[in-house]
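The values are calculated or read from the model by the stated rules, or taken from the named source; none is laboratory data. Values in this document were obtained by computation on a predicted structure and should not be read as measured data. Neighbour counts run over all protein chains shown; Cβ positions are idealised from the backbone, glycine included. Each accessible area value is taken on the protein alone, full model and side chains, heavy atoms only, with ligands, DNA and RNA left out. Shrake-Rupley method; radii C 1.70, N 1.55, O 1.52, S 1.80 Å.
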Amino acid sequence: MAGDWMLMAHGYAWGAVTSQGGPRGDDMAFVQTMGMVTASRPLSDSARIELRGMFSLDPLMGKRGYPNLFAAGETANGRALVDRQHPHDLFMEFAARVEVDVAPGTTAFLYGGPVGEPALGPPAFMHRRSARYQTMSPIAHHWFDSTHITYGVVTAGVRTRAFQLEASAFKGREPDEERWGFDPIKLDSWSLRATFTPSPNWAMQVSHGRLESPEALHGGNDEARTTASVHYARGGLSATLAWSAKNRIPGDTLSAWVAEANWDVDARHSLFARAELVRNDELFPDHHHPLHDQPFRVARFEGGYAYRIPLGDKVTLALGGSVATYAKPQALDPYYGKSPVSGTAFAKLSLGN
């Protein structure tokens, strides 16, 4: 506490070494970072304000980010990133939220800022408890989470104990390659999201958005995106099941599934796993390639273990690793190998829980 303000901070520095298998895989040591600070205070007996800032030093990786087999999305040096995860921007969130109690058990809120997250999709993967020790981003990231850094967002909503309804206006274009600064701010896209929380252990959401020209290399295509997800948490177990479909306008509809879970066996040991199924048409961005724009349904299965070492009341070091295997059409064997296997080891230093 600082006077009437309640201040909170959390974040991590996550060092990793990965070896992504097959002819299109790569090896790399890298560090991911995220820090978030919030400041909140009452404005009156029935109103509150919260200021939010979230930052990352991921741009230090370089524009191409880290290797991640079968991932695709965004660009580096004007070229499509394929089998790579792009770095996040320095500014991940810079926004405010005001809440007002409008009736017993009912609150209206307004959220927005130059950088934020619109009401579209489930929580981003780095905030999901079920992905607590998943070092690699989901290969379905651009089906579910690509709007979690948006340069220009305004959201209005209302919530009760069990329901929340939201509507957002935001910028549809994904962040550009210049990760250290602010992108131009626009409000050219919209989304709606409904969330049902029947108990402290369950949360469910469904959302839909219309994004204007979200991808730099598909400048003539808008996108209609629909997502649904179910989240469960009880004791040491957290799990997520999510589905998404993105319809390029004009173009094809591409779907994705993600199922992931984290089990804190006890105070020291955790087991985690993720399974994904993605229909992706961006694996061959070269217009002259015979498989250019051809969609392929690809699955990734990853599991791992983490061992936690408390370093203080609010600081934890987790050491662990994971192994990933893949299922894909035979047509991809000449490019990815018949049975690629990827492995990742990590050390994650966390502030907060």
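Summary of values
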| quantity | calculated |
| --- | --- |
| Residue in the stretch 248-260 that is within 23 Å of residue 66 (Cα to Cα) and more than 23 Å from the chain's Cα centre (by Cα) present | no |
| Answer residue from the stretch 209-231, given it is within 27 Å of residue 250 (Cβ to Cβ) and touching a residue at least 60 places away in the same chain (Cβ under 8 Å) and is most open to solvent (accessible area, probe 1.4 Å) among those | 217 |
| Entirely in the stretch 10-77, the strands (runs of 3 or more DSSP E) that have 2 or more residues that are surrounded by fewer than 17 Cβ atoms within 10 Å (Cβ to Cβ), at pLDDT below 95 and touching a helix residue (DSSP H, G or I) at 6+ places or on another chain (Cβ under 9 Å) | none |
| Residue check, residue 288 free of Cβ contacts under 8 Å to residues at least 24 places away in the same chain and touching an Asp or Glu at 6+ places or on another chain (Cβ under 9 Å) | no |
| Selection status of residue 187, farther than 25 Å from residue 59 by Cβ, at pLDDT 95 or above and assigned to a strand (DSSP E or B) | no |
| Residue in the stretch 242-251 that is in contact with a strand residue (DSSP E or B) (Cβ under 6 Å, 6 or more places away or on another chain), in a strand (DSSP E or B), among the β-branched types (Val, Ile, Thr) and open to solvent by less than 50 Å² (accessible area, probe 1.4 Å) present | no |
| Candidates 110, 120 - the one that is open to solvent by 40 Å² or more (accessible area, probe 1.4 Å), under 27 Å from residue 213 (Cα atoms) and not basic (Lys, Arg) | 110 |
| Within the stretch 307-325, considering residues that are out of contact with any Asp or Glu (no Cβ under 9 Å at 6 or more places or on another chain) and open to solvent by less than 30 Å² (accessible area, probe 1.4 Å), the one farthest from residue 135 (Cα to Cα) | 318 |
| Where residue 273 falls short, out of the listed (1) farther than 21 Å from residue 329 by Cβ; (2) open to solvent by 60 Å² or more (accessible area, probe 1.4 Å); (3) part of a strand (DSSP E or B) | (2) |
| Search result, residues across the stretch 196-208 that are open to solvent by less than 40 Å² (accessible area, probe 1.4 Å) and under 18 Å from the mean Cα position of the chain (by Cα) | 203, 205, 207 |
| Some residue of the stretch 180-188 being buried (at least 18 other Cβ atoms within 10 Å of the Cβ), under 28 Å from residue 33 (Cβ atoms) and in contact with a His (Cβ under 8 Å, 6 or more places away or on another chain) | no |
| Some residue of the stretch 278-297 being closer than 17 Å to residue 126 by Cα and open to solvent by less than 70 Å² (accessible area, probe 1.4 Å) | no |
| Condition broken by residue 144, with the remaining ones in (1) open to solvent by 30 Å² or more (accessible area, probe 1.4 Å); (2) of a type in the set (A, V, I, L, M, F, W, C); (3) touching a helix residue (DSSP H, G or I) at 6+ places or on another chain (Cβ under 9 Å) satisfied | (1) |
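Here's the yes/no breakdown for (1) modelled with pLDDT under 95; (2) basic (Lys, Arg); (3) in contact with a helix residue (DSSP H, G or I) (Cβ under 9 Å, 6 or more places away or on another chain):
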{"residue": "285", "(1), (2), (3)": "yes, no, yes"}
{"residue": "291", "(1), (2), (3)": "no, no, yes"}
{"residue": "300", "(1), (2), (3)": "no, yes, no"}
{"residue": "306", "(1), (2), (3)": "no, no, no"}
{"residue": "312", "(1), (2), (3)": "yes, no, no"}
